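> Take this structure first; my questions come after.
All of the numbers you see were taken from the coordinates with simple rules; none came from a lab. These numbers come from a predicted model, not from an experiment. Ideal geometry is used to build each Cβ from the backbone, glycine not excepted, and the neighbour counts take in all protein chains shown.
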Amino acid sequence: MMQEARSFDDLFCGYAGANGKCAGQTIPLEANCTLSDTFQDFERDRKTGRFGREHADCPGYKRPEYAHVPTSELTQYYKIAQQYVLGDSMFSSTGNPTFESHQYLIAAQAANAKNQPFGQTPPEGCVYQQWVQQFKGGKIAACFTYKTLADELNAAGLSWSYYRTADRKHPIVDTWDAYGWVKGGSSGTSPSSQFITDVGRGKLASVTWVTPAFADSDLSGSLSSGGPKWVASVVNAVGESQFWNTTAIVVMWSGFGGWYDHVSPPMLDYQGLGFRVPVLVVSPYALGGAVVHTQFETGSVLKFVEDTFGLARLSVSDARAHDLGASTLNLQQAPRAFVPI
């Protein structure tokens, strides 16, 4: 599961045992910017790390980028962390907008793209017809031809699925539809909630990506605080199904969204790593109530899948990353019974 655009400190700064900071000597973070406040994403400034200078409308606080979400709105996230695993050293593999992060989650790269898609291209064989600007080079069609995890799963005879929610009112959700930007790819199953229905009917692929509806995304400006309940509903659907004993659920966020985080990201190449984001790992084999400090990146999720199913590396990100499962799961332990979130 990939939620949207929240730094680790923004959601988990006060979590016991984690490397989080809610307040410092010079910059206190005030718990007064809720998930549903009516300001928009800090889109332009996060590209350079100059935090939110536009649409900064959070009641009673002039610098909302230094605030954090009140824990009262994060009940389900905290319950998941307390029962399973919270990682406090997960960084997005790229420091760029959400579009690239979703590509990294299927391909461990994004063709050196550095911005959200724009304009309109001639048909190129993709669901969407737009351009992106590259770090090195000019603009190219955002219709990528690189190998994806789905290609490797297909070759290995393994099933996969991708759930997303179409939304004409909020075009940004199209950038979360990762395979729609790959040549020959198709748009995912919509709506995202179909995942819960499918699991209830005994249908779950070997590997599944689940992205949220706009209102459940945690994205600034979504005017909703539905993200934690949405994530819990997915976890509960799997936990109460026949698939629980053979499943691991990874919940991460696409990027930091312009929200303050006190940990400087390691710079491994010209694209990243990006800022720190939370990651939750849910499984009957997860280390119970653990905070894991191993350095992860988006590619760590792919490496976990690759190592589980014996698949090849796709690009630099998954090749260099630590396997997410190696530090968060104990496959030798007896599977724990599921307790609803």
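> Over all directions, average the projected area of the Cα convex hull of the chain and note it in nm².
Computing the convex hull of the Cα atoms and averaging its projections yields 16.2 nm².
> Compute the convex hull volume of the Cα atoms of the stretch 61-117, divide it by the residue count, and report the result per residue in Å³ as a whole number.
Values: hull volume 8.4 nm³, N = 57.
Cα convex hull per residue, to the nearest whole number: 148 Å³.
> What's the magnitude of the charge dipole for the stretch 222-308 around its Cα centre, counting Lys and Arg as +1 and Asp and Glu as -1 at the beta-carbon? Answer in Debye, nearest 20. If you can, show how the numbers build up before the last one.
On the way: 3 positive and 6 negative charges, 44 e Å.
With only Lys, Arg, Asp and Glu charged at Cβ, the dipole is about 220 debye.
> Okay, next question. Dipole magnitude of the chain about its Cα centre, charges +1 at Lys/Arg Cβ and -1 at Asp/Glu Cβ only, in debye to the nearest 20?
240
> At what distance in angstrom do the alpha carbon centres of the stretch 286-316 and the stretch 98-174 lie from each other?
Cα centroid to Cα centroid, the span is 21 Å.
> In addition: Say we join alpha carbon atoms closer than 10 Å with springs in a Gaussian network model of the chain; which of Lys229, Lys169, Lys203 then has the biggest fluctuation?
Looking only at Lys229, Lys169, Lys203, the largest GNM fluctuation is found for Lys169.
> If you take the charge dipole of the chain about its Cα centre, with +1 on Lys and Arg Cβ and -1 on Asp and Glu Cβ, which of Ser220, Gln130, Ala248 is farthest toward its positive end?
So the residue we want is Gln130.
> Name the residues whose placed amide hydrogens come within less than 5 Å of the amide hydrogen of Thr165, ignoring near sequence neighbours (fewer than 5 apart) on the same chain.
Sorted by chain and number, the residues that satisfy this are Ser192.
> While we're on this one: Please list 3J(HN,Hα) in residue order for the stretch 124-136, calculated via the Karplus relation 6.51 cos²θ - 1.76 cosθ + 1.60 where θ = phi - 60°; whole Hz, with x for glycine and proline.
Here the 3J(HN,Hα) series is 10, x, 10, 4, 10, 10, 9, 9, 9, 8, 8, 4, 10 Hz.
> Report D for the stretch 119-273 in µm² per second (integer): Stokes-Einstein, Kirkwood Rh on Cα pairs, 37 °C, 0.692 mPa s. List each step's numbers first, then the result.
Working: Rh = 17.7 Å.
In µm²/s, the coefficient rounds to 185.
> Ranked by Cβ crowding within 10 angstrom, fewest neighbours first, how are Phe8, Phe338 ordered?
The most exposed by this proxy come first: Phe338, Phe8.
> What is the sum of charges, Lys and Arg at +1 and Asp and Glu at -1, for the other residues whose Cβ falls under 13 Å from the Cβ of Phe304?
Here the count lands on -3.
> Quick one: P(r) of the stretch 177-226 from all Cα-Cα pairs, 5 Å bins, percents rounded to integers, in order of increasing distance.
4, 18, 19, 22, 20, 12, 4, 0
> Hey, another quick one. What list do you get for Tyr77, Tyr270, Tyr179 if you sort them by fewest beta carbons within 10 Å?
On the way: Tyr77 26, Tyr270 10, Tyr179 23.
Least crowded to most crowded, the residues run Tyr270, Tyr179, Tyr77.
> Sorted from largest to smallest, which semi-axis lengths in Å does the alpha carbon gyration tensor of the stretch 186-341 give for its equivalent ellipsoid, taking the root of 5 times each eigenvalue?
Whole-Å semi-axes of the equivalent ellipsoid: 25, 21, 16.
> Report, as a whole number in µm² per second, the diffusion coefficient that Stokes-Einstein gives for the stretch 66-158 at 10 °C and 1.306 mPa s using the Kirkwood radius over alpha carbon pairs. Working shown, then result.
Values: Rh = 16.2 Å.
After rounding, the answer is 98 µm²/s.
> Additional query: With the cut-off at 23 Å, tell me which of the pairs Lys114/Lys183; Lys79/Lys203; Lys21/Lys303; Lys21/Lys114 have Cα atoms farther apart than that.
Lys79/Lys203; Lys21/Lys303; Lys21/Lys114
> I've got another one for you. Identify which of Ile80, Ile106, Ile140 has the largest mean-square fluctuation in a Gaussian network model of the chain, with springs joining Cα atoms closer than 10 Å.
Highest fluctuation among the options: Ile140.
> If you don't mind, another one. When the helices in the chain are scored as -39500 (n - 2.57) per DSSP H run of 4 or longer and the sum is shared across all residues, what 222 nm value do you end up with, to the nearest 500 deg cm²/dmol? Walk me through the intermediate numbers first.
On the way: 10 runs with 77 residues, N = 341.
Calculated mean residue ellipticity at 222 nm is -6000 deg cm²/dmol.
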